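The block underneath contains the structure these notes are about, expressed in structure tokens.
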Amino acid sequence: MSNIRSEELRVDRYDVAVFGSGSGGVASAVAAARRGCRVLIVEKNGYVGGMLACGLPYLGYLDAKQRPVVGGLALEFVEALKADGVSYGVRRCPKHDSIVGIKPDEVKLTTAKFLKENGVDILLHTAAVDTVVEDGVLKAVICECAGTRRRVEAKVFVDGTGDGVVSYLAGADYEKGTPGVDLQPPSILFTVGGVDKKGFFAWLEEHPEELEPYTMDYLNESPDFVLVTLQKLWQKLNPIGEWPMGIWAMIYINRFNDSEICINGPRMAYTDATDPESITKAELEGQRQAVAFIEMLRKYVPGFEKAYLVHFNDAIGVRETRRIVGYRTLTVEDVKAGRINEETIALGAYPIDIHGSKDYSSQFIHFDKPYGIPYGVTVCKTVGGLMMSGRCISVDSQSYGSCRVMGTCFAVGEAVGTGAALSIQKGCRPEEVDVAEIREILLKNGGILNIDNEGKRNR
């Protein structure tokens with residue numbers, strides 16, 4: 001006999017219900033709301049904004065030739081961040097092509113305001129725990145907050161959970177990793193205080209081998225940068241057991257003050273973030289490695305003599321778990337060939353960035369031209385009424401290494417919300433929506449769906 005207090009099960013009815021408030025979820029919710037839909041966004045954490053609100057920068061706004069590949073709602077949101085003093089906007093990056101640096105806690109406020117101003121209802125501290133599927137169509141998601149359950153019904157559901165939680169609970173087909181290869185490892189994100197940045201920069205000037213491909217002029221231009229450094233120190237210290245973190249460099253994310261930085265690492269190999277024992281082990285061991293890494297910095301790196309731990313991110317940064325099977329699958333061949341066609345609803349241009357699952361290895365492959373992301377990768381093939389936004393869209397494991405970044409996810413999310421709204425308004429399933437109509441709406445909103453060799457857009 002069930003102990004669920006069914007008499008207290010509240011029922012909420014919406015046109016579109018979005019689960020997960022990362023970049024893909026936020027964009028989907030706002031785009032659908034702007035097309036006249038009643039929209040709910042459900043978030044398991046106590047804030048909205050996803051990994052951006054945890055301190056990671058936006059990537060994927062410019063291609064290797066510094067041409068804009070992401071516009072529309074994604075660029076509008078960056079402008080909202082700038083207006084609130086939360087970001088300096090899109091900036092060139094010698095390593096990642098582009099970045100959008102941010103103030104993480106303020107991101108939570110701007111994102112909530114962005115959702116509310118567009119009429120999106122928000123539920124925090126609430127997670128999906130079950131689904132109702134009838135005749136192959138998702139009808140409701142059961143949510144829980146501190147033991148209190150409610151039933152969310154919608155005409156279209158959007159899975160923006162990153163891990164594909166709603167899709168998994170609904171029985172959708174999915175893929176994880178590559179046969180014979182483990183998942184990309186997650187990383188602990190932590191903030192370090194007491195950093196003498198001028199002292200560290202002075203040391204970098206004396207050790208230019210730790211700067212490539214950056215320059216001191218670039219670092220001094222503005223505080224919004226991500227610096228991948230200390231590779232040479234890793235080569236020296238790792239063989240003698242003095243490098244206590246499972247990554248071959250320090251990924252230094254600058255904070256907009258005089259004494260704090262964020263470090264993206266340690267990298268936790270052999271982790272499946274959908275397995276509670278595995279993710280627990282990664283969290284605890286990663287936190288231990290982070291503290292040891294700060295001790296190493298104090299010992300070996302000028303500018304860090306007084307460094308100390310300020311904050312561990314609320315949750316480990318997960319790179320890869322489930323990828324839900326859609327009507328189309330983006331492949332690495334599509335990415336490398338720069339294929340763009342009439343099904344394209346967003347462009348990707350970030351390098352193929354794959355962190356080794358078993359050792360220190362990494363792949364970071366730049367390409368000369370952007371590629372198109374087709375609408376079919378956002379619509380679940382095996383469960384009706386279900387779409388995906390963010391990193392759980394239908395892609396292979398290698399193309400995933402490029403399209404998983406937040407700028408690209410935001411662009412895809414705008415198309416997802418638009419497609420969801422049109423399916424409701426046209427009385428059809430999401431996979432039956434005319435992609436040409438989605439594209440027309442995206443272009444009118446400043447979206448970028450093509451770039452020729454001269455950098456001209458949308459021709």
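The table that follows gives values for the structure above.
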quantity	calculated
Cα-based reach from residue 113 at 19 Å (exclusive), listing lysines while leaving out same-chain residues under 8 positions away	44, 82, 103
Accessible area (Å², 1.4 Å probe, nearest 10) - residue 381	120 Å²
Förster radius 45 Å - calculated FRET efficiency between residue 145 and residue 291, Cβ distance, rounded to 0.05	0.85
Segments 202-215, 436-449, 15-28 sorted - mean Cβ within 10 Å per residue, highest first	15-28, 436-449, 202-215
Computed FRET value (nearest 0.05) for residue 257 with residue 339, which takes r as the C-beta separation and R₀ as 45 Å	0.55
Where the chain is the region considered: accessible area per residue in Å², 1.4 Å probe	41 Å²
Cβ crowding within 10 Å averaged over residues, with 88-101, 47-60, 155-168 ranked highest first	155-168, 47-60, 88-101
Residue-averaged 222 nm ellipticity for the chain, from DSSP H runs of 4+ at -39500 (n - 2.57), nearest 500	-9000 deg cm²/dmol
Partners for residue 306 among aspartates and glutamates (Cα-Cα distance below 15 Å; same-chain residues under 8 apart left out)	196, 258, 260, 295
Extension gain (nm, one decimal) between residue 363 and residue 215, 0.36 nm per residue minus Cα-Cα	51.0 nm
Principal-axis tilt of helix 72-83 within the chain, Cα atoms, nearest 10 degrees	50 degrees
Contour excess over end-to-end distance, with Cα ends at residue 82 and residue 434 and 0.36 nm allotted per residue	123.3 nm
Within the stretch 238-335, chymotrypsin sites (Phe, Trp or Tyr not before Pro) in DSSP loop having at most 13 other beta-carbon neighbours inside 10 Å	270
Potential extension, residue 105-residue 311 segment - 0.36 nm per residue separation minus Cα distance	72.9 nm
Rounded to whole Hz, the Karplus (6.51, -1.76, 1.60) HN-Hα couplings of the stretch 324-336, x for glycine and proline	7, 6, x, 6, 10, 10, 6, 10, 5, 5, 4, 5, 5
Förster-model FRET efficiency, 22 Å R0, residue 238 and residue 281, C-beta, rounded to 0.05	0.50
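The values are calculated or read from the model by the stated rules, or taken from the named source; none is laboratory data. Just so it is clear, the model here is predicted, and its values are computed rather than measured. Every residue, glycine as well, gets a Cβ built from its backbone with ideal geometry; the counts of neighbours run over all protein chains shown. What goes into the accessible areas is simple: the full protein's heavy atoms, side chains included, and nothing from ligands, DNA or RNA. Shrake-Rupley method; radii C 1.70, N 1.55, O 1.52, S 1.80 Å.
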